[in-house]
Amino acid sequence: MEASPQANAVPAGLDPVWLANSYLTRRKFDECITLCTDLLRANPYDQAVWYIKTRALTLQDWIDDIEVEEEGVAEVLLDEHAVAKAPRPGTSLARPMTGAKGAGGGPSAAVRPMTSSGRPLTGFARPGTSARPGTSARPGTSSVEAAFGGGRPGTSRPVTSGGRFVRLGTASLNSDGSGVFINVDKLDLRKYAGRPQLARALCNYILYHEHNPKKAMELCAHATVSCNYKDWWWKAQLGKCYYQLGLLRDAEKQFLSSLKTCDIVTTSLELAKVYIRLDQPNTALEVYTQAAARHPGEVSLLLGAARVYDALNETVKGVELYKQVLQYDASNVEAIACLASFHFYTDQPEIALRFYRRLLQMGVKNAEVYNNLGLCCFYASQYDMALDCFEKAFQLADDTGMADVWYNIGQIAIGIGDLGLAYQAFKVAVSMDSSHAEALTNLGVLESRKGNLAAARSHYQAAQRAAEHAYEPWYNAALLAMREGNLEDSFKLVNKALAAFPDHTDSQELHAQLLKQFAAL
Amino acid sequence: MQRCYQLFVRQDFEECLTLIEDLSGTISVPSDFLLCIKGLIYRQQGEVQQSLQLFQQAAALNPNSHDATKQVARTLHLLARYQEAIETYEEVEAALPADWEVLHHKGLCYASLGDHSKATDVWLRAISIQPRDATQVELIKSYMQLGNTREALQTGVDALEVSPENGELLSLIGMLYMQKGEVYRAFDLLGSALALCPRDTRTILAAGSIMQDHSDYDVALMKYRVAAVHAPNSPQLWNNIGMCLLGQQKYVAAISCLKKALYLGPFEWMISHNLGIVHLCTQQFASAFHYFSASINLNPVHAHSYMYMGMALAKLDDFENACHAYDKAVQLGGDMLIHLNYAVTLYTHDEHDAARQHALQVEELFKTHPESPQCSESRILQHRERLAVLLAPDSL
């Protein structure tokens, strides 16, 4: 046996089962599991040890699946859950810019950068919100290639959301070394359904360790029957299984029924998640608000609603909720970061600065925070601080973050009018991340100011390939083509720019001018 | 055929194309008319290259139809093949010597090639055939490119007689007058241009800036409010709004407007320059210095930037560098204001002799340019007198 010697050594006079339980409560799962394996070898029918080992294995692989919401390629490409093929304006997450104008009141795309799904960047990176290409979402992003790409250019998304779970599972099984602990396929689930405590442990084990929602669903179905459809927990688990299997309408039914039996925050959160997946943001918001009224002070519900508002591009409403969150939980990183970025993009860098400083005081120390602090300092005219912050950001940045920091250095160089430095900074950013669309676009602008039109065009083209969703490279390239007299290309490019940002006045003007040229006899 | 034309005029392009397909199936010889219509539709949809082929086919089918040839030339022009376009137009011109359209477009080709003098010649001929607004506007722009403001104005005035209600023309001539410094006439013209098309952002900006120059800030802000709806992300607009607010002594609002402008247009040196001035007004000299240095980096030949930078540096107790900045400003074209400010700075740092020299320069400029608007500015006069009094006892 290759188990570590310390774990094997049970002190004399100590009940090994008690010790295993103690390991479990102290979250020393590896020791707990090896101890239990030994005990089970001696007596395979010891239910207490079996229970402890199941719990330990489950907790080892436990992830908070209320937060994680990343759609895999399969979900994106084969998404057939959308209720309406052409949703009404403002009712779909896939078309965030269609809401009533001025209702959101947030900054426009000209001021605040956009993600590939056409909504403003939030201040907090979380899975699922950064990108949602969708098959019918937007022209230009609907290709299969786009679906494979992740939120940021250059990243990729998992094949299925189940895929990530499965990979985690196999890795942990190998490290276990003793083969399969419970052979789920051979279990008589009906027998276990009669024993509620064991069954719950088993259910979690199947869901989180085995990642076999189909089997878990069977168990849940038996268990709910055996307790006369009265137990909220089993119904919620059933909903979770359905959700993982992609049967969203069934999941919705189970969660609703579970909520009727017992009003639990987690269930509400999962129900809202179902609606978000069904692309019904307004229903999800309703779930969040109603649950928040029943559970005042529950931060996760408020955050959930705020995220949906963000995704619908109604930033101002989201900001209000983030402020509420901070009243209940003054050190909520997500709320602080989102408020900070909101203030930054609404021309209040001084206030944003205070929020970022709060993050720093709370111990969030990474390149991104320092980078943002530096930007805030610069725009608040505190030049000496700005450079220090960027130096710190360089110290902390890894390869992906470094490109962004250099990009921002370039922005500041433009701000102080040092175009040579700006050019070099953007070059460095591109050398670190060859698909950094923003840096490429700015390089193009600088080249075209120098008169190197061919170089400018190639930079724009690279930026277009890297980020189809950004309107800047399209518009700038259109302008370049127009200046060179190549009206046909210019027209095509400006159409792309308008597809990415329909309200861009300069693009509209160029478009009108080109149409006039074409229509003139 | 008639139906096809109707559909084209109604811009019902899809249906028109299907109709053309149907029609070309029924007739044995392809019709140049249908080809032309199809070409026009393709061109309006942005498929210029395809439309060129169609027009060329049509022209080959009916060599006597100048319409098709004209469209070939026009399409060549759109494809930036200017020389070929000019040759084609010349062919048509041989057949139709008195066609305004041909001459107008030929001029456009010359202008696109950068040959403005040839373009103006051609346009003058076009106007003698038919005085159309489009040609007049192009002619004025061409004169402006050549730096011939007088001719441009003359053309403008002539053109206005023909069509007094062309908003584009009015605002163009208004801006010409503004460049010449005839503010009142410019304002008149811009006003009537605004009456005709009240939402043209450029005209609003021009008219607003004149109001601003006359300290009529409230009215200017009203005008800008209209423009802000149509061009919310125009750096020039926000710059002007910021300067309006500065005129009303609302410094914080001015700074935030100017910062917004700078965010939207980081390459506009004027905005940095203005931000520097606002910071000078609010006694934040270090920030002011940074903005002036940014402005100078972007536009190194603006004398006043150096002067203001000198003022900021002097306030920051860096007298030596302040003098360097002033010297640079004087070197780039020292006007009265620069000499006056230099003298004041020198005097406050007890450099009386040097101060006197610049004060003398100011007096000199007063004598040589008594008509310049700076001579009547009350604050300049005030400072000049005070300086004269302060420096006088030393000279005795």
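The values are calculated or read from the model by the stated rules, or taken from the named source; none is laboratory data. The shown structure was predicted, so the numbers you read here are calculated from the model rather than taken from an experiment. Every residue, glycine as well, gets a Cβ built from its backbone with ideal geometry; the counts of neighbours run over all protein chains shown. Heads up: the accessible areas ignore ligands, DNA and RNA and are worked out on the full protein's heavy atoms, side chains in. Shrake-Rupley method; radii C 1.70, N 1.55, O 1.52, S 1.80 Å.
Give the lysines reachable from residue B:259 as a straight Cα distance under 21 Å; neighbours fewer than 8 places away on the same chain don't count.
B:223, B:250
Mind ranking B:24-31, B:80-87, A:292-299 by how tightly packed they are, going by the mean number of other C-beta atoms within 10 angstrom, highest first? The partial results should precede the final answer.
On the way: B:24-31: 9.9, B:80-87: 17.6, A:292-299: 14.1.
So the order, starting with the most tightly packed, is B:80-87, A:292-299, B:24-31.
For residue B:379 paired with residue A:289, estimate the spin-label separation in nm (one decimal), with each label point 7 Å from Cα along the Cα-to-Cβ line.
5.3
In whole Hz and in residue order, list the ³J(HN,Hα) couplings for the stretch A:424-429 that follow from phi through the Karplus curve 6.51 cos²θ - 1.76 cosθ + 1.60, θ = phi - 60°; x for Gly and Pro.
5, 4, 5, 4, 5, 4
How charged is the neighbourhood of residue A:220? Take every other residue with its Cβ under 12 Å from the Cβ of residue A:220, and add Lys/Arg as +1 and Asp/Glu as -1. Before the final figure, lay out each step's value.
Numbers: positive: A:200, A:214, A:215, A:235, A:240; negative: A:218, A:231, A:250.
Its environment carries a net charge of +2.
For the protein assembly as shown, with only Lys/Arg (+1) and Asp/Glu (-1) charged at the beta-carbon, what is the dipole magnitude about the Cα centre, in debye rounded to 20? Intermediate results must be reported in sequence, preceding the final value.
Numbers: 81 positive and 101 negative charges, 593 e Å.
The calculated dipole for the protein assembly as shown is roughly 2840 debye.
Quick one: with all protein chains in place, what share of the accessible area of the stretch A:1-60 is carbon or sulfur, to the nearest percent (1.4 Å probe)? Display every interim value, and only then the final one.
Values: 1890 of 3440 Å².
That share works out to 55 percent.
Per residue of the stretch A:488-502, in order, report the coupling 6.51 cos²θ - 1.76 cosθ + 1.60 (Karplus, θ = phi - 60°) as ³J(HN,Hα) in whole Hz, putting x for Gly and Pro.
4, 5, 4, 4, 5, 5, 5, 5, 5, 4, 5, 5, 6, 8, x
Run the quick spin-label model on residue A:449 and residue B:98: label points 7 Å from Cα toward the beta carbon, then report their separation in nm to one decimal.
5.4
Can you give me the angle between helix B:285-298 and the longest principal axis of chain B, using Cα atoms only, in degrees from 0 to 90, rounded to the nearest 10?
Compared with the principal axis, the helix lies near 40 degrees.
Which of rounded, prolate, oblate describes chain B, given a ≥ b ≥ c as roots of the alpha-carbon gyration tensor eigenvalues and a/c under 1.5 marking rounded, otherwise prolate only if a/b is larger than b/c?
Values: a/c = 2.96, a/b = 2.49, b/c = 1.19.
Prolate, because a/c is 1.5 or more and a/b exceeds b/c.
How much mean residue ellipticity at 222 nm does the protein assembly as shown get from its helices, if each DSSP H run of length 4 or more adds -39500 (n - 2.57) and you divide by all residues, to the nearest 500 deg cm²/dmol? Walk me through the numbers before you get to the answer.
Numbers: 50 runs with 648 residues, N = 917.
So the helix-based figure for the protein assembly as shown works out to -22500 deg cm²/dmol.
Cross-link partners among lysines for residue A:516, C-alpha distance below 16 Å, same-chain residues fewer than 8 apart left out?
A:492
Net charge near residue A:330: determine it from the other residues with C-beta under 15 Å of the C-beta of residue A:330, scoring Lys and Arg +1 and Asp and Glu -1.
+2
Could you tell me whether the stretch A:1-60 comes out rounded, prolate or oblate from its Cα gyration tensor? Rule is a ≥ b ≥ c as square roots of the eigenvalues, rounded for a/c under 1.5, then prolate if a/b exceeds b/c, otherwise oblate.
On the way: a/c = 1.26, a/b = 1.09, b/c = 1.16.
Note, shape of the stretch A:1-60 comes out rounded.
With angles folded into 0 to 90 degrees, how steeply does helix B:82-95 sit against the dominant principal axis of chain B? Use alpha carbons for both and round to 10.
That helix lies at roughly 50 degrees to the long axis.
Extending each Cα 7 Å along its Cβ direction at residue B:256 and residue B:161, get the distance between those two points in nm, one decimal.
5.3
How crowded by other chains is B:262-269, given as the mean number of beta carbons from other chains within 10 Å of each beta carbon?
Details: counts 3, 7, 2, 0, 8, 6, 0, 1.
That works out to 3 on average.
Count charges around residue A:451 for me, please; just the other residues with Cβ under 13 Å from its Cβ, Lys/Arg as +1, Asp/Glu as -1. Don't jump to the answer; show the numbers that get you there.
On the way: positive: A:449, A:450, A:457, A:483; negative: A:447, A:484.
Taking every other residue near residue A:451 into account, the sum is +2.
Going 7 Å from the Cα of residue A:320 toward and past its Cβ, which residues in the stretch A:274-305 have a backbone nitrogen under 20 Å from where you end up?
Under 20 Å, as judged by backbone N against the label point of residue A:320, lie A:281-305 of the stretch A:274-305.
Where does each of A:506, B:133, A:310 land when they are ordered by accessible area, with a 1.4 Å probe and the largest first? Walk me through the numbers on the way to the answer.
On the way: A:506 65, B:133 45, A:310 20 Å².
If we order A:506, B:133, A:310 from most to least accessible, we get A:506, B:133, A:310.
What average count of beta carbons from other chains do you get within 10 Å of the Cβ of residues in A:414-420?
Values: counts 6, 7, 7, 15, 4, 4, 1.
Across A:414-420, the average partner-chain Cβ count within 10 Å equals 6.
Just checking the output field for A:482-492: average partner chain Cβ neighbours within 10 Å of each residue's Cβ? Kindly include the intermediate steps, with their values, before the conclusion.
Values: counts 0, 0, 1, 8, 4, 8, 12, 3, 1, 7, 2.
For peptide A:482-492, the averaged partner shielding equals 4.
The stretch B:1-145: Rg/Rh from Cα coordinates, Kirkwood Rh?
Values: Rg = 16.6 Å, Rh = 16.1 Å.
So for the stretch B:1-145, dividing Rg by the Kirkwood Rh gives 1.03.
Mind running the shape call on the protein assembly as shown? Use the C-alpha gyration tensor, a ≥ b ≥ c as the square roots of the eigenvalues: rounded below 1.5 for a/c, prolate if a/b tops b/c, oblate otherwise.
Oblate is the answer for the protein assembly as shown, as a/c is 1.5 or above yet b/c matches or exceeds a/b.
Can you order the peptides B:274-281, B:313-320 by their average number of other Cβ atoms within 10 Å per residue, highest first?
On the way: B:274-281: 22.6, B:313-320: 16.0.
Going by the mean number of other Cβ atoms within 10 Å, highest first, we get B:274-281, B:313-320.
Excluding residues on the same chain fewer than 8 positions from residue A:253, give the lysines whose Cα lies under 30 Å from its Cα.
A:85, A:186, A:191, A:214, A:215, A:230, A:235, A:240, A:273, A:317
Length gain on complete extension for the stretch residue A:331 to residue A:18, per 0.36 nm per residue less the alpha carbon to alpha carbon distance? Working shown, then result.
Working: separation 313, 0.36 × 313 = 112.68 nm, distance 3.79 nm.
Gain on stretching residue A:331 to residue A:18: 108.9 nm.
From Cα pairs below 8 angstrom and at least 6 apart in sequence, can you work out the relative contact order of chain B, rounded to a whole percent? Intermediate results must be reported in sequence, preceding the final value.
Numbers: 466 pairs, mean separation 19.3, N = 396.
Computed over chain B, the figure is 5 percent.
Would you mind putting B:110-123, A:455-468, A:34-47 in packing order, based on average other-beta-carbon counts within 10 Å, highest first?
On the way: B:110-123: 18.9, A:455-468: 21.1, A:34-47: 15.9.
Result, highest mean first: A:455-468, B:110-123, A:34-47.
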